[in-house]
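The values are calculated or read from the model by the stated rules, or taken from the named source; none is laboratory data. Bear in mind the structure is a predicted one, so any value in this text is a computation, not a measurement. All Cβ positions, glycine included, derive from the backbone under ideal geometry; neighbour counts span all protein chains shown.
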Amino acid sequence: MIRLEGVTRRYSSRAGDRVALDNVDLEIGRGEIFGVVGRSGAGKSTLIRTINRLETPDGGRVIVDGEDITALDAKGLLKARRRIGMIFQHFNLLNSKTIEANVAFPLMLEGRPKAEITARVAELLAQLGLAEHAKKYPRQLSGGQKQRVGIARALACGPQVLLCDEATSALDPETTEDILNLLDQLNRELGLTIVMITHQMEVVRRVCDRVAVLKDGKVVETGRTADVFLNPAHPVTQAMLAEDDDGFDAAMAPVGGQMARLTFRGASTYEPELSRIARETGVDYSILSGRISRIRGEPCGQLLVVFTGGDATVAMARLTENGVAVEAIQKEAR
Ligand SMILES: Nc1ncnc2c1ncn2[C@@H]1O[C@H](COP(=O)(O)OP(=O)(O)OP(=O)(O)O)[C@@H](O)[C@H]1O
Ligand SMILES: [Mg+2]
């Protein structure tokens with residue numbers, strides 16, 4: 001659905017040149033929810049804004065649904081943007097207009113007939129649970145409700161792609177969950193391709209099929225969310241995930257023995273493999289840290305354990321045989 005080919009964006013200022021995007025290649029499938037994470041200044045916003053050309057790359061091409069966005073003239077761009085909706089961290093609503101007028105705005109710009117606009121706005125407000133707020137103004141709504149209005153407005157022209165730049169970053173956890181459920185539902189029901197820029201790892205864990213990690217304008221890692229999050233390869237990804245977790249430092253564990261990281265995926269996550277194999281092999285284990293959760297719906301768990309007594313090597317081999325990924329950690333625990 002979306003393809004970035006060698007996309008580069010430089011900014012010049014008196015302080016010198018800065019490469020915000022450095023030769024980025026990225027492919028996002030039709031109907032996917034794709035996450036882009038990275039530290040502040042990594043180039044996330046610049047990247048997402050090249051997709052609807054709020055930002056024009058200095059080099060490379062951006063193809064959306066077969067059309068080269070980078071080559072369009074002003075008229076072609078207006079047309080293309082109908083297929084690409086966008087929502088923002090601070091909602092960007094028109095504060096002097098009512099909710100229904102905000103949602104109607106893109107349709108008015110297109111010069112659609114009044115009756116059609118009225119019907120479409122009513123439909124969108126009902127679909128997003130905003131009907132009772134139609135005559136209110138943005139300041140009368142909560143953050144979550146305002147983001148729903150932002151989504152309604154972004155959907156007004158029936159886009160195929162929805163770009164979200166930190167769309168949940170200004171919301172509390174419960175409201176974030178509500179908006180993520182809504183985006184998940186729109187993805188399934190409308191087949192909407194969604195690109196989510198976020199610094200919240202939890203957002204990616206919850207809804208993204210795949211994720212790319214951006215650092216200094218370069219994609220340093222990309223893959224299915226569960227693969228990347230359970231086995232982060234790049235130091236930036238590892239660090240961002242560690243901060244999101246409890247930041248546990250294995251070296252500080254006051255125990256001796258064989259340390260190992262166990263990764264459970266799918267149905268095996270709920271099986272009592274560890275205790276069964278410990279019993280059968282006569283090893284003991286202590287859990288130093290761990291997390292059982294879901295990544296984009298797939299149950300998975302990761303435990304850091306120390307085996308003591310018995311034969312840890314045999315226990316680890318048995319776990320591997322039973323579908324648990326085992327990574328022995330050589331550093332002797334103190
Ligand atoms: N209009 C601009 N003029 C000059 N430099 C810019 C401009 N926009 C972005 N930059 C620079 O480009 C780099 C990438 O910025 P960008 O906004 O894409 O980062 P980001 O990953 O979205 O960060 P954040 O998480 O803080 O939103 C930064 O170093 C930023 O200072
Ligand atoms: Mg940004």
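Filter the range 13-33 for residues that are free of Cβ contacts under 8 Å to residues at least 40 places away in the same chain and near ligand 1 (Cβ under 8 Å from one of its atoms) and give the result. Can you show your working first?
First pass over the range 13-33, keeping only residues free of Cβ contacts under 8 Å to residues at least 40 places away in the same chain: 13-18, 27.
If the condition is that a residue be free of Cβ contacts under 8 Å to residues at least 40 places away in the same chain and near ligand 1 (Cβ under 8 Å from one of its atoms), then Ser13, Arg18 are the ones that fit.
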task: Give the residues of the range 34-57 that are over 14 Å from Thr8 (Cβ atoms), in a loop (DSSP other than H, G, I, E, B) and within 9 Å of ligand 1 (Cβ to nearest atom), sorted by residue number.
output: Arg39, Ser40, Gly41, Ala42
message: Please count how many residues of the range 193-218 are among the hydroxyl-bearing types (Ser, Thr, Tyr) and under 15 Å from Ala42 (Cα atoms).
response: 1
query: Within the range 284-294, is there a residue that is at pLDDT 90 or above, β-branched (Val, Ile, Thr) and in contact with a helix residue (DSSP H, G or I) (Cβ under 8 Å, 6 or more places away or on another chain)?
result: no
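Which one is surrounded by the fewest Cβ atoms within 10 Å (Cβ to Cβ), of the residues in the range 18-51 that are of a type in the set (S, T, N, Q) and modelled with pLDDT of 95 or more?
Filtering the range 18-51 for residues of a type in the set (S, T, N, Q) gives 23, 40, 45-46, 50.
This time we only want the ones that are modelled with pLDDT of 95 or more, so: 23, 45-46, 50.
Working: Asn23: 15, Ser45: 19, Thr46: 22, Thr50: 25.
Filtering first and then ranking leaves Asn23.
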- line: Here the qualifying pairs (Cβ atoms under 8 Å; residues six or more apart or on different chains; first in the range 217-229 and farther than 16 Å from Ile197 by Cα; second part of a helix (DSSP H, G or I) and among the aromatic types (Phe, Trp, Tyr)) come out as none
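Among the residues of the range 156-170 satisfying the criterion of being away from ligand 1 (no atom under 13 Å from the Cβ) and over 11 Å from the mean Cα position of the chain (by Cα), which is nearest to Asn102 (Cα to Cα)?
By that ranking, first place goes to Ala156.
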- request: Return the total of residues in the range 201-245 being assigned to a strand (DSSP E or B) and within 13 Å of the chain's Cα centre (by Cα).
  value: 8
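Please work out which residue is farthest from ligand 2 (Cβ to nearest atom), limiting yourself to the range 58-76 and to residues that are part of a loop (DSSP other than H, G, I, E, B) and either of a type in the set (S, T, N, Q) or farther than 27 Å from Glu189 by Cα (or both).
Asp73
So, of the residues in the range 138-185 that are among the acidic types (Asp, Glu) and in a helix (DSSP H, G or I), which turns out to be farthest from Arg296 (Cα to Cα)? Quick ask: steps written out before the conclusion?
Initially, the range 138-185 is screened for residues among the acidic types (Asp, Glu), giving 165-166, 172, 174, 177-178, 184.
Okay, now just the ones that are also in a helix (DSSP H, G or I), so 174, 177-178, 184.
Details: Glu174: 18, Glu177: 13, Asp178: 15, Asp184: 10 Å.
The qualifying residue farthest from Arg296 (Cα to Cα) is Glu174.
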